[in-house]
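Heads up: the structure comes next, in structure tokens.
The values are calculated or read from the model by the stated rules, or taken from the named source; none is laboratory data. As the structure is a computational prediction, the values presented were derived from the model and not from experiment. Don't worry about glycine lacking a Cβ; one is built from the backbone with ideal geometry, like all the others, and counts go over all protein chains shown.
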Amino acid sequence: MKPINVGIIGTGWTGGIRANACSKTPLINELHIAETNPERLNEIKEQTNPTFATNDWEKLIQQKGLDAIIVSATPESTHYPMIKAALEAGKHVFVEKPISTTIEEADEVIATAEANNLKFTVGYSQRFKPRFAYINKVLKEGLAGDPVTCLVSRNVTRELGKKITGRSKLSPAAMEATHDLDFLLWCLQPRKPVRVYSQTSGKLFRQQSETPDHQWILVTMDDGTTITVGAGWILPIGYPNYSQCWIEVICTEGALTIDDTHKEVQLNTTEHGIRYPMSSMPGEPVDHVFAGPMQEETIHFVEAVVYDRPVMVKPSEARLVMDVYIAADMSDELGEPVTLPRNDTRQGKNA
Ligand SMILES: NC(=O)c1ccc[n+]([C@@H]2O[C@H](COP(=O)([O-])OP(=O)(O)OC[C@H]3O[C@@H](n4cnc5c(N)ncnc54)[C@H](O)[C@@H]3O)[C@@H](O)[C@H]2O)c1
């Protein structure tokens, strides 16, 4: 086994988790980081003791001996030029969702990765939660029979909603439901989505912008199974970056419900009232362990590069998710269902 050298671009919330995960594994020899916020750069330098740290991501990619790059910068429109440059420099790439803001850019970088035999994967961290993996197992192995309908309803706090909508005009479908669409499309393979209907609603954020508060997406698969995914971002603050999620899978021979609302651990203090620790989507470090999926997801990518193993999330799967959320945004605009695959070139409102 030969340890690799990894560079991370953007070490904010998620990039900080990934940098810490990388700094602890013997599978990585050198860690290099690029971060434009000087205070955050110093904070992560202190936490991870990197070989090289810069505020210039292009310098990071030029560093000699780097095997792989993790792109965790915001706004999301920065992803495409960073991935393109990293792949063209011959590096394996992990990018936080979304790959890019248009299908054309996604197709281009997917083709570059394939042509150069490089690993390329996308951060759909929820696949690394044991309870989500269990749903995948039940559906793939037919343990409850044939799926009839699957629902995922997710809501996050308005603090997180403000952070996300403050940096881009991407919709709840593109920014939040994307995780649960990826998850259900993965569980239901080899079925394919053929029709998408979506509706947004908004009363809080719409006081100041055109941003909706919530979006429902109804997807029909080619065997008639239906998927309903809801994504909202105006919950009151319950814990920093709190996320609550409820899942129902109804099949011909059984039903599976998963409560991922994180209500099983409550910390009640005089200062903050009731809070729900360990309840964000990526998770958080707790003493000597990591509570959540992001550390394991990061190590999975590193192992895929070190041992030349397949990545968990194939770029073609992430591209299909893009097709579905772009269709959802179109459906919301048009007020009617959108058929997949689309044979037009419209990009939807996220482009
Ligand atoms: N998988 C998940 O659960 C999950 C959760 C949250 C966010 N995300 C995704 O992760 C990505 C990062 O989100 P975040 O919440 O960590 O954002 P963040 O704003 O906390 O961090 C982004 C960091 O990138 C830095 N940055 C911006 N431009 C840069 C540049 N040109 N070069 C280097 N650094 C730069 C910023 O200073 C910031 O520290 C987004 O794509 C987001 O959609 C995924």
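Restricting the range 266-302 to residues that are aliphatic (A, V, I, L, M) and in a loop (DSSP other than H, G, I, E, B), which is farthest from S125 (Cα to Cα)?
The extreme case among them is M278.
Listed here are the residues, each with its yes/no results for (1) of a type outside the set (A, V, I, L, M); (2) modelled with pLDDT of 95 or more.
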| residue | (1), (2) |
| --- | --- |
| K137 | yes, yes |
| L143 | no, yes |
| D146 | yes, yes |
| L151 | no, yes |
| L170 | no, no |
| L188 | no, yes |
| R195 | yes, yes |
| T200 | yes, yes |
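What about E104, is it more than 18 Å from the chain's Cα centre (by Cα), within 19 Å of N5 (Cα to Cα) and among the acidic types (D, E)? Steps first, answer last, please.
On the way: more than 18 Å from the chain's Cα centre (by Cα): yes; within 19 Å of N5 (Cα to Cα): no; among the acidic types (D, E): yes.
Spelling it out, it is not the case that E104 is more than 18 Å from the chain's Cα centre (by Cα), within 19 Å of N5 (Cα to Cα) and among the acidic types (D, E).
Can you name the residue in the range 117-154 that is within 16 Å of the ligand (Cβ to nearest atom) and of a type in the set (V, I, T) and is also surrounded by the most Cβ atoms within 10 Å (Cβ to Cβ) among such residues?
If we take residues in the range 117-154 being within 16 Å of the ligand (Cβ to nearest atom) and of a type in the set (V, I, T), then V122 is surrounded by the most Cβ atoms within 10 Å (Cβ to Cβ).
Quickly run through the range 267-290 and pick out the residues that are among the hydroxyl-bearing types (S, T, Y), under 29 Å from D180 (Cα atoms) and more than 16 Å from the ligand (Cβ to nearest atom).
The first filter runs over the range 267-290 and keeps only residues among the hydroxyl-bearing types (S, T, Y), leaving 269-270, 276, 279-280.
Imposing the further condition that a residue be under 29 Å from D180 (Cα atoms) reduces the set to 276, 279-280.
The answer is Y276, and nothing else.
How many residues does the range 192-234 contain that are charged (D, E, K, R) and within 17 Å of D323 (Cβ to Cβ)? I'd like the intermediate steps shown before the answer.
Step one: list which residues in the range 192-234 are charged (D, E, K, R), which gives 192, 195, 203, 206, 210, 213, 222-223.
Going one step further and asking which of them are within 17 Å of D323 (Cβ to Cβ), we end up with 192, 195, 222.
The number of residues fulfilling the criteria is 3.
Would you call L60 in contact with a Gly (Cβ under 8 Å, 6 or more places away or on another chain), farther than 30 Å from D323 by Cα and near the ligand (Cβ under 9 Å from one of its atoms)?
Spelling it out, L60 is indeed in contact with a Gly (Cβ under 8 Å, 6 or more places away or on another chain), farther than 30 Å from D323 by Cα and near the ligand (Cβ under 9 Å from one of its atoms).
Working only within the range 208-235, note down all residues that are assigned to a strand (DSSP E or B) and among the β-branched types (V, I, T).
Once the filter is applied, which keeps residues that are assigned to a strand (DSSP E or B) and among the β-branched types (V, I, T), the range 208-235 yields I217, V219, T220, T226, I227, T228, V229, I234.
May I ask you to verify whether E317 is within 16 Å of the ligand (Cβ to nearest atom), closer than 17 Å to R127 by Cα and part of a helix (DSSP H, G or I)?
Spelling it out, E317 is indeed within 16 Å of the ligand (Cβ to nearest atom), closer than 17 Å to R127 by Cα and part of a helix (DSSP H, G or I).
Could you tell me which of the residues L160, L139 is within 26 Å of P212 (Cβ to Cβ) and in the same structural domain as V249 (by TED's automatic domain parsing)?
Working: L139 fails: within 26 Å of P212 (Cβ to Cβ).
Matching residue, one of L160, L139: L160.
For residues that are in a loop (DSSP other than H, G, I, E, B) and within 16 Å of the ligand (Cβ to nearest atom), tally how many sit in the range 1-25.
3
Here's a check for you: in the range 190-199, which residue that is touching a residue at least 12 places away in the same chain (Cβ under 8 Å) and surrounded by fewer than 22 Cβ atoms within 10 Å (Cβ to Cβ) is nearest to K162 (Cα to Cα)? Give the steps one after another, and end with the answer.
The first filter runs over the range 190-199 and keeps only residues touching a residue at least 12 places away in the same chain (Cβ under 8 Å), leaving 191-199.
Still in the list and also surrounded by fewer than 22 Cβ atoms within 10 Å (Cβ to Cβ): 191-192, 194-195, 197, 199.
Details: R191: 35, K192: 33, V194: 32, R195: 30, Y197: 26, Q199: 20 Å.
Selected residue: Q199.
Which condition number does G238 fail, the rest of (1) surrounded by fewer than 20 Cβ atoms within 10 Å (Cβ to Cβ); (2) in a loop (DSSP other than H, G, I, E, B); (3) on the phi < 0 side of the Ramachandran plot; (4) more than 16 Å from the ligand (Cβ to nearest atom) being met?
(1)
Would you check which residues across the range 84-114 are farther than 20 Å from A174 by Cα, in contact with a helix residue (DSSP H, G or I) (Cβ under 9 Å, 6 or more places away or on another chain) and among the hydrophobic types (A, V, I, L, M, F, W, C) and list them?
Once the filter is applied, which keeps residues that are farther than 20 Å from A174 by Cα, in contact with a helix residue (DSSP H, G or I) (Cβ under 9 Å, 6 or more places away or on another chain) and among the hydrophobic types (A, V, I, L, M, F, W, C), the range 84-114 yields A85, A86, L87, A89, V93, A113.
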